[in-house]
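The values are calculated or read from the model by the stated rules, or taken from the named source; none is laboratory data. Keep in mind it's a predicted model, so treat the numbers as computed, not measured. Note that each Cβ is placed from the backbone with ideal geometry, even for glycine, and that neighbours are counted across all protein chains shown. Only protein heavy atoms, including side chains, enter the accessible area calculation; ligands, DNA and RNA are left aside. Shrake-Rupley method; radii C 1.70, N 1.55, O 1.52, S 1.80 Å.
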Amino acid sequence: MKTVIRIFLTLTVCAMWHVSAAQFNQNQVIAHRGAWKVEDLPQNSIASLERAVELGCAGSEFDVHLTKDDVLVVNHDNDYYGIDIATATYAELLAKKHPNGESIPTAEAYLREGMKQKKTKLIYELKTSKLGKERTLHSADLTVQLVKKLGAEEWVEYIAFDYDACKRIIELDPKAKVYYLNGDKTPAEAKKDGLFGLDYHFNVYKKNPTWIREAKNLGLVVNVWTVNTQEEMTNLLDQDVEFITTDQPALLLDVIRNTK
Ligand code: MG
């Protein structure tokens with residue numbers, strides 16, 4: 001009888017897990033800086049996030065910097081239309097707008113927008129501060145605080161080039177899904193340090209042709225950046241990578257549909 005109950009409970013838990021996991025889109029597509037290309041939207045804008053959600057991407061990637069007055073903001077480069085983010089206040093950044101009329105999004109506004117839906121994950125890149133390690137780690141601390149405050153843990157997966165920042169995020173939130181970007185740690189090292197996955201440039205996997213398989217065997221999730229050609233997309237899909245980060249999310253969705 002005990003065994004029957006145990007089996008019943010296991011099946012129930014699996015079914016519940018399946019329901020919650022199935023809410024997010026199950027495909028390999030991560031829109032790099034949002035889906036900006038087709039309609040020429042600003043990269044990392046709220047509009048490009050919304051477009052990635054509409055397309056049905058599994059995730060939408062965005063880049064986060066820290067201002068001088070400790071506001072986390074979403075932008076790729078160190079400067080926002082010529083204003084240096086690390087040495088400017090948030091108020092100073094509001095002097096410029098994206099061509100679509102948006103101001104630079106705060107990470108908080110970006111996450112709040114992303115949490116209005118539950119199909120597309122929010123792939124949060126913590127940018128390395130040009131002002132040094134202390135500032136990068138402070139950015140990691142503020143990031144985890146923000147995600148906890150908003151209750152955004154289910155939506156957010158983290159990526160970073162700074163390995164210490166990756167480890168700090170895991171230390172602050174052991175359940176956080178953190179991927180390392182820089183390509184200079186073996187799958188075994190990343191696993192040992194508690195990372196959830198690798199997110200390396202496609203040339204890194206080419207130079208280390210066993211790494212995708214090794215990572216998967218260790219239970220790490222494999223993402224690849226930034227893949228924009230159909231040939232490379234097909235090559236990586238053939239190797240069963242979990243995610244492909246691309247400037248061409250619509251193309252990748254087509255490639256996936258056509259290879260099924
Ligand atoms: Mg990025």
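Residues of region 46-59 that are within 14 Å of the ligand (Cβ to nearest atom), farther than 18 Å from Val147 by Cβ and out of contact with any helix residue (DSSP H, G or I) (no Cβ under 7 Å at 6 or more places or on another chain): Ser48 alone. Residue count for region 22-54, restricted to those that are farther than 20 Å from Val222 by Cβ and either among the small types (Gly, Ala, Ser) or open to solvent by less than 50 Å² (accessible area, probe 1.4 Å) (or both): 15. Just to check your reading of the model, which residue among Ser139, Ser129 is of a type in the set (S, T, N, Q) and open to solvent by 10 Å² or more (accessible area, probe 1.4 Å)? Within the list Ser139, Ser129, the selection yields Ser129.
Hand me the list of helices (runs of 4 or more DSSP H) wholly inside region 73-154 holding 1 or more residues that are under 19 Å from Phe24 (Cα atoms) and among the hydroxyl-bearing types (Ser, Thr, Tyr).
107-114
Right, Phe62: more than 16 Å from the ligand (Cβ to nearest atom), on the phi < 0 side of the Ramachandran plot and not β-branched (Val, Ile, Thr) or not? Criteria not met by Phe62.
Of note, Leu122 satisfies the criterion of being surrounded by 15 or more Cβ atoms within 10 Å (Cβ to Cβ) and within 14 Å of the ligand (Cβ to nearest atom).
Considering only residues that are open to solvent by 50 Å² or more (accessible area, probe 1.4 Å) and in contact (Cβ under 8 Å) with a residue 40 or more places away in the chain, look in region 98-119 and name the one that is nearest to Tyr158 (Cα to Cα). It would help to see each step written out before you state the result.
Going residue by residue through region 98-119, those that are open to solvent by 50 Å² or more (accessible area, probe 1.4 Å) are 99-100, 108, 112, 116, 118-119.
Next cut, in contact (Cβ under 8 Å) with a residue 40 or more places away in the chain only: 99-100, 108, 118-119.
Numbers: Pro99: 28, Asn100: 27, Glu108: 15, Lys118: 17, Lys119: 17 Å.
My answer is Glu108.
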